[in-house]
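Student: A single structure is presented below for examination.
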Amino acid sequence: MKIHYMSLSETGLERYENQDTVFCGVYGTAGIFLVADGMGGHENGAYASTRIKHKTETWWNHYIQSERRPAFFGALEELREVFSEANNEILENTRKGLICGSTLAALWIYEDAWAVISCGDSRCYQAKGQFLRKTFCQLTTDDVWENQPQNVQGMSRHEIEKSMYYGSLIRAVGVKPEFQCTIQTDQWKEPTVFVLCSDGIYKYCSEEFLKKQMFRMLKSKDARPCMEEIRNQVFQNGAWDNLSLIMVMVENKPSV
């Protein structure tokens, strides 16, 4: 198999600091990809996202140097523990009464299997197939107030969107003593493109536009022009927030 990927992380037009971090690592038929978005408006979001990246990078370096590497589920459990440790470190180093946290969207690939680990509102999308068999979906669900049925029961869409809690994170790394995340696993059986991104991408770039660029990469196997188009679209629409994006494509190795 082959893994093609490309990433970007930028401050945007209105922020003075980039509180996002990204990490990409590929070794043979394994790969780890991460977007972490430090929580703006709170205590040192850059510290939170950087701790997640540092812990992931440390784990990855150990993984590729190990003589006995864990297989898919073993590595996935190690990654969950890595993020739990990052959660504890961020919480322990946050001043009492303040909040410091980060979202998390991570993609783990091992041979023909993949897993997505998410916490917060950074996202992962998937596109696969050709011609009439094309499929596209958002794999993650934002951990925000309005996505909790008990919070919005009996409310109209207008009331939900006007609520002071609309868009508020209910889960993030480093905010609560117990790390909570959502994990999805599956196998890829045909060329597949994944996109990991912070809200600085998807809030300034329509889902239909992302979908178009993902299928473009699926066809060309070249992330660069797709990344440039997405970046340009975000900046044309204001790029008010930090923006981070990773595009990953997995495909079978061509026969010789």
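The values are calculated or read from the model by the stated rules, or taken from the named source; none is laboratory data. Treat the numbers as computed from the prediction; the structure is a model and nothing was measured. So basically every Cβ, Gly included, is an ideal-geometry build from the backbone, and we count neighbours across all protein chains shown. The protein model used for the area step is the full one, side chains on, heavy atoms only, and it has no ligands, DNA or RNA in it. Shrake-Rupley method; radii C 1.70, N 1.55, O 1.52, S 1.80 Å.
Student: Just to be sure, is K2 open to solvent by 10 Å² or more (accessible area, probe 1.4 Å), touching a residue at least 24 places away in the same chain (Cβ under 8 Å) and more than 22 Å from G200 (Cβ to Cβ)?
Tutor: Criteria met by K2.
Student: Another question, if that's okay. So how many residues does segment 126-149 have that are of a type outside the set (F, W, Y), in a helix (DSSP H, G or I) and open to solvent by 60 Å² or more (accessible area, probe 1.4 Å)?
Tutor: Counting residues in segment 126-149 that are of a type outside the set (F, W, Y), in a helix (DSSP H, G or I) and open to solvent by 60 Å² or more (accessible area, probe 1.4 Å) gives 4.
Student: Of the numbered conditions (1) farther than 17 Å from E85 by Cα; (2) modelled with pLDDT of 95 or more, K55 satisfies every one except a single condition; which is it?
Tutor: (1)
Student: Just need a number here: residues in segment 5-37 that are surrounded by 17 or more Cβ atoms within 10 Å (Cβ to Cβ) and modelled with pLDDT under 90.
Tutor: Total satisfying the criteria: 1.
Student: If you go through segment 214-223, how many residues are surrounded by 15 or more Cβ atoms within 10 Å (Cβ to Cβ) and closer than 13 Å to V248 by Cβ?
Tutor: Residues in segment 214-223 being surrounded by 15 or more Cβ atoms within 10 Å (Cβ to Cβ) and closer than 13 Å to V248 by Cβ: 4 in total.
Student: Still on this model: Being modelled with pLDDT of 95 or more, touching a Phe, Trp or Tyr at 6+ places or on another chain (Cβ under 7 Å), open to solvent by 30 Å² or more (accessible area, probe 1.4 Å) and closer than 15 Å to I117 by Cβ, is that true of even one residue in segment 66-83?
Tutor: yes
Student: Given (1) more than 27 Å from E78 (Cα to Cα); (2) of a type outside the set (S, T, Y); (3) open to solvent by 40 Å² or more (accessible area, probe 1.4 Å), where does C226 come up short, assuming only one miss?
Tutor: So C226 meets the others, but not (3).
Student: If you don't mind, another one. Counting only residues that are within 9 Å of the chain's Cα centre (by Cα) and either among the hydrophobic types (A, V, I, L, M, F, W, C) or surrounded by fewer than 22 Cβ atoms within 10 Å (Cβ to Cβ) (or both), how many does segment 98-118 have?
Tutor: Adding up the residues that qualify gives 6.
Student: Sticking with this one: Is it the case that segment 166-181 has a residue that's closer than 30 Å to R133 by Cβ and buried (at least 22 other Cβ atoms within 10 Å of the Cβ)?
Tutor: No, the conditions are met nowhere in segment 166-181.
Student: Please tell me if M249 is in contact (Cβ under 8 Å) with a residue 24 or more places away in the chain, under 16 Å from the mean Cα position of the chain (by Cα) and buried (at least 16 other Cβ atoms within 10 Å of the Cβ).
Tutor: yes
Student: Here's a follow-up. Scan segment 84-97 for residues that are open to solvent by 30 Å² or more (accessible area, probe 1.4 Å) and either touching a strand residue (DSSP E or B) at 6+ places or on another chain (Cβ under 6 Å) or not acidic (D, E) (or both) and jot them down.
Tutor: Of everything in segment 84-97, those that are open to solvent by 30 Å² or more (accessible area, probe 1.4 Å) and either touching a strand residue (DSSP E or B) at 6+ places or on another chain (Cβ under 6 Å) or not acidic (D, E) (or both) turn out to be N88, L91, N93, R95, K96, G97.
Student: Let me ask you something else. What residue, among those in segment 150-185 that are outside any loop (DSSP other than H, G, I, E, B) and in contact with a Gly (Cβ under 8 Å, 6 or more places away or on another chain), is modelled with the lowest pLDDT?
Tutor: L169
Student: Follow-up. Can you tell me which residue among K221, K176, K203 is basic (K, R) and either more than 22 Å from D20 (Cβ to Cβ) or without any contact (Cβ under 8 Å) to a residue 12 or more places away in the chain (or both)?
Tutor: K221
Student: Looking at (1) open to solvent by less than 50 Å² (accessible area, probe 1.4 Å); (2) closer than 28 Å to T56 by Cα, can you tell me which one F209 breaks?
Tutor: The failed condition is (2).
Student: While we're on this one: Give segment 19-78 a look and list any residue that's part of a loop (DSSP other than H, G, I, E, B) and in contact (Cβ under 8 Å) with a residue 24 or more places away in the chain, or say none.
Tutor: Q19, T29, M39, G40, H42, E43, N44, R69, A71
Student: Could I ask something else about it? If I ask for residues that are within 18 Å of Q138 (Cα to Cα) and part of a helix (DSSP H, G or I), which ones from segment 228-256 would you list?
Tutor: I230
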